[in-house]
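The block underneath contains the structure these notes are about, expressed in structure tokens.
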Amino acid sequence: MSVHASDPQPFVPPMPERSPKELRAAIAQYAPRLLADFDEHWTWAVSEAYDISTVPAFMARWWGAYAIARDPGLDAHLADLERRAAESTDLIEAKALLEEASNIRYQAQRVEPGQ
């Protein structure tokens, strides 16, 4: 199936406010496949640890994961890059693919609320 200029762009929801509660709600609504891991991570990293100092690292990890997962095209592209790198027998090609994947993850961390 080819993409035509008249085809509508897929809906990519905006990023939520930068709080654990808002991020969890966005994940539940738009990327529910991440929710069980999000909740499990919250439980052991913050809730059971009784340590709110872990919240910034927790948010950084899940902010980027959701920024990618909310966009099915970007999520599929990233998975394809990582799959191709894992299957590659050419070290230079694999490195380039992983660098591209890393750049996508880096950019995802910088997406602002509302974007």
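Between M59 and K95, what is the spin-label point distance in nm, taking each point 7 Å from the Cα along the Cα→C-beta axis?
In this crude label model, M59 to K95 measures out at 3.6 nm.
Would you mind computing, in nm to one decimal, how far apart the modelled labels at Q107 and D80 are, each placed 7 Å from Cα along Cα→Cβ?
Rounded to a tenth, the inter-label distance reads 1.5 nm.
Over all Cα pairs of the chain, how is the pair count split among 10 Å bins, expressed in % and running from 0 up to the last occupied bin?
Cα pair-distance distribution for the chain, in percent: 13, 36, 32, 16, 3, 0.
Counting Lys +1, Arg +1, Asp -1, Glu -1, what net charge surrounds S47 among other residues with beta carbon under 15 Å of its beta carbon?
Residues close to S47 contribute a combined charge of -3.
If you scale each eigenvalue of the Cα gyration tensor by 5 and take the root, what three semi-axes come out for region 23-88, rounded to whole angstrom and sorted largest first?
Those come to 26, 14, 10 Å.
In percent, what relative contact order does region 20-109 have, based on Cα pairs under 8 Å that are 6 or more apart in sequence?
Relative contact order here is 25 percent.
Using the count of nearby Cβ atoms within 10 Å as a rough guide to exposure, how do F58, F11 rank from fewest to most?
With the fewest neighbours first, F58, F11 line up as F11, F58.
Return the sequence-ordered ³J(HN,Hα) values of region 85-97 in whole Hz as given by the Karplus equation 6.51 cos²θ - 1.76 cosθ + 1.60 applied to θ = phi - 60°, using x for Gly and Pro.
Going residue by residue, I get 5, 5, 8, 5, 9, 9, 4, 5, 5, 4, 4, 5, 5 Hz, with x marking Gly and Pro.
Only four residue types carry charge here, +1 at the Cβ of Lys and Arg and -1 at the Cβ of Asp and Glu. Report the dipole size of the chain about the Cα centre in Debye, rounded to the nearest 20.
240 debye
Highest first, please rank the peptides 62-73, 89-100 by the mean number of other Cβ atoms sitting within 10 Å of their residues.
62-73, 89-100
Please list 3J(HN,Hα) in residue order for region 76-81, calculated via the Karplus relation 6.51 cos²θ - 1.76 cosθ + 1.60 where θ = phi - 60°; whole Hz, with x for glycine and proline.
Along region 76-81, the couplings run 5, 4, 4, 4, 5, 4 Hz.
Can you find, among P16, F38, L74, the residue farthest towards the positive end of the dipole of the chain? Put +1 on the C-beta of Lys and Arg, -1 on that of Asp and Glu.
P16
Restricting things to alpha carbons, tell me how big region 72-115 is in terms of Rg and Dmax, in Å.
Rg and Dmax of region 72-115, Cα atoms, are 12.0, 41 Å.
Given the rule -39500 (n - 2.57) for each run of at least 4 DSSP H residues, summed and divided by the residues of the chain, what is its mean residue ellipticity at 222 nm, to the nearest 500 deg cm²/dmol?
Rounded to the nearest 500, it is -19500 deg cm²/dmol.
Since every read-out is calculated from the coordinates, none of them should be taken as a lab result. None of the values given here were measured: they were computed from a predicted structure. Positions of Cβ are backbone-derived with ideal geometry, glycine not excepted, and every protein chain shown enters the neighbour counts.
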